[in-house]
Amino acid sequence: MRVDKYTMARMNKRMVLESIRESGSINKAEIARQTDLSIPTVMKITDDLVEAGLVRSRGKQESVSGKRPEMFEFAQDAFYSVGVDVGPTKLIAVVMDFGGHILARRQAPTGALIPAKGVVQRIAGLIHQVVEESGVPAERLLGVGLGVPGILDTEAGRVLFSPNFHWENVEIAQPLAQLMGGGLYIKMENSNRALALGEQYFGAGAGHEYFICVNLGYGIGSAVIENGAFYTGSSGTSGEVGHITVEKDGPLCTCGNSGCLEAVASRQPLLPQVHRGPSFSTV
């Protein structure tokens with residue numbers, strides 16, 4: 001695959017930033033060793049990151065002989081973001097710093113059978129509440145990340161099909177941006193992939209280039225990380241394991257098919273069985 005100069009520059013900048021973030025404190029020579037980039041390239045990228053406020057100097061390295069190199073660290077408290085988990089039963093919103101530390105958390109019921117417009121309005125209200133509670137100035141918020149179940153057009157911010165919400169071709173990002181005043185960047189991602197992204201940076205997937213993240217709850221889904229990036233498949237639906245047919249002529253699934261794994265083994269079909277309690281045969 002041919003990579004243009006712009007894409008290569010972005011990849012290099014990401015490698016340098018990740019090297020600094022994961023190391024805690026590091027000098028330019030060590031960054032170059034870890035990333036296999038030249039010293040001049042690392043110097044230029046590091047200076048750009050410092051100017052952007054993403055990285056800062058923490059002084060000279062101690063306990064070394066000769067000229068002490070300057071050490072750099074990830075400025076995890078320089079900017080903040082809002083994350084929203086859009087679920088069929090509840091909405092959860094958090095304000096986080098760059099290190100993944102949560103400053104404020106709020107949740108609200110999604111609302112039974114609320115149309116998409118009503119859900120978006122509720123999301124906007126929840127974001128306003130959690131940002132106010134966090135005390136973070138608006139100018140230090142970089143944007144909002146939405147985790148939404150279903151098949152999405154992430155570039156357009158549109159839900160193509162969500163069986164959990166019974167949505168088809170529903171605009172989410174643009175109406176939300178308008179309700180927020182147009183000042184925040186809105187990024188939407190499939191819920192399972194958003195979960196995997198969190199694990200990749202701050203959880204069990206940290207430091208791993210290949211892993212599968214499985215989400216078990218209201219539904220069943222997964223996301224595949226291959227070579228450090230999402231594997232989406234030719235149709236963009238890779239990871240939809242919940243809609244594999246496991247029981248011929250089984251219960252009807254929200255996607256419209258029968259006998260899907262999600263219709264058999266997710267929370268929704270299992271809860272009634274738990275409430276009824278175990279049944280014992282007297283034979």
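Is there a residue being open to solvent by 30 Å² or more (accessible area, probe 1.4 Å), in contact with a strand residue (DSSP E or B) (Cβ under 8 Å, 6 or more places away or on another chain) and under 30 Å from E73 (Cα atoms) anywhere in the stretch 155-167? The answer is no; no qualifying residue exists.
Taken together, the residues in the stretch 232-261 that are under 13 Å from N164 (Cβ atoms) and not hydroxyl-bearing (S, T, Y) amount to 7.
Looking only at residues in the stretch 129-151 that are touching a Ser or Thr at 6+ places or on another chain (Cβ under 8 Å) and not small (G, A, S), which one is farthest from A194 (Cα to Cα)?
Restricting attention to the stretch 129-151, the residues satisfying the condition of being touching a Ser or Thr at 6+ places or on another chain (Cβ under 8 Å) are 141-145, 147-151.
Still in the list and also not small (G, A, S): 141-142, 144, 148-149, 151.
Working: L141: 19, L142: 17, V144: 12, V148: 9, P149: 10, I151: 13 Å.
For the stretch 129-151, the residue satisfying everything is L141.
E133: outside any strand (DSSP E or B), surrounded by fewer than 14 Cβ atoms within 10 Å (Cβ to Cβ), on the phi < 0 side of the Ramachandran plot and at pLDDT 90 or above, yes or no? Criteria not met by E133.
Kindly establish whether A78 is closer than 30 Å to I127 by Cβ, of a type in the set (A, V, I, L, M, F, W, C) and open to solvent by less than 90 Å² (accessible area, probe 1.4 Å).
It is true that A78 is closer than 30 Å to I127 by Cβ, of a type in the set (A, V, I, L, M, F, W, C) and open to solvent by less than 90 Å² (accessible area, probe 1.4 Å).
All of R106, R122, R140 fail the test of being charged (D, E, K, R), more than 27 Å from T232 (Cα to Cα), open to solvent by 20 Å² or more (accessible area, probe 1.4 Å) and in contact with a helix residue (DSSP H, G or I) (Cβ under 6 Å, 6 or more places away or on another chain), apart from R106.
Residue count for the stretch 1-37, restricted to those that are assigned to a helix (DSSP H, G or I) and either open to solvent by less than 90 Å² (accessible area, probe 1.4 Å) or in contact with a helix residue (DSSP H, G or I) (Cβ under 6 Å, 6 or more places away or on another chain) (or both): 20.
If you scan the stretch 182-216, which residues turn out to be of a type in the set (A, V, I, L, M, F, W, C) and open to solvent by 50 Å² or more (accessible area, probe 1.4 Å)? Selection gives L195, L197, F202, A204, I212, V214, L216. Just one of the numbered conditions (1) touching a helix residue (DSSP H, G or I) at 6+ places or on another chain (Cβ under 8 Å); (2) aliphatic (A, V, I, L, M); (3) more than 16 Å from D85 (Cα to Cα) is not true of L160: (1). Of all residues in the stretch 63-75, those that are open to solvent by less than 20 Å² (accessible area, probe 1.4 Å) and either aromatic (F, W, Y) or touching an Asp or Glu at 6+ places or on another chain (Cβ under 7 Å) (or both) total 1. For I220, are the conditions met, namely being of a type in the set (A, V, I, L, M), open to solvent by 50 Å² or more (accessible area, probe 1.4 Å), modelled with pLDDT of 85 or more and under 16 Å from I151 (Cα atoms)? Considered against the rule, which asks whether it is of a type in the set (A, V, I, L, M), open to solvent by 50 Å² or more (accessible area, probe 1.4 Å), modelled with pLDDT of 85 or more and under 16 Å from I151 (Cα atoms), I220 comes out as no.
Could you tell me whether G99 is modelled with pLDDT under 90, assigned to a loop (DSSP other than H, G, I, E, B), within 30 Å of Y218 (Cα to Cα) and out of contact with any Ser or Thr (no Cβ under 7 Å at 6 or more places or on another chain)? Against the criterion (modelled with pLDDT under 90, assigned to a loop (DSSP other than H, G, I, E, B), within 30 Å of Y218 (Cα to Cα) and out of contact with any Ser or Thr (no Cβ under 7 Å at 6 or more places or on another chain)), G99 qualifies.
The values are calculated or read from the model by the stated rules, or taken from the named source; none is laboratory data. Just so it is clear, the model here is predicted, and its values are computed rather than measured. Counting neighbours? That spans all protein chains shown, and the Cβs are built from the backbone with ideal geometry, glycine included. Keep in mind that these areas ignore ligands, DNA and RNA; they rest on the heavy atoms of the full protein, side chains included. Shrake-Rupley method; radii C 1.70, N 1.55, O 1.52, S 1.80 Å.
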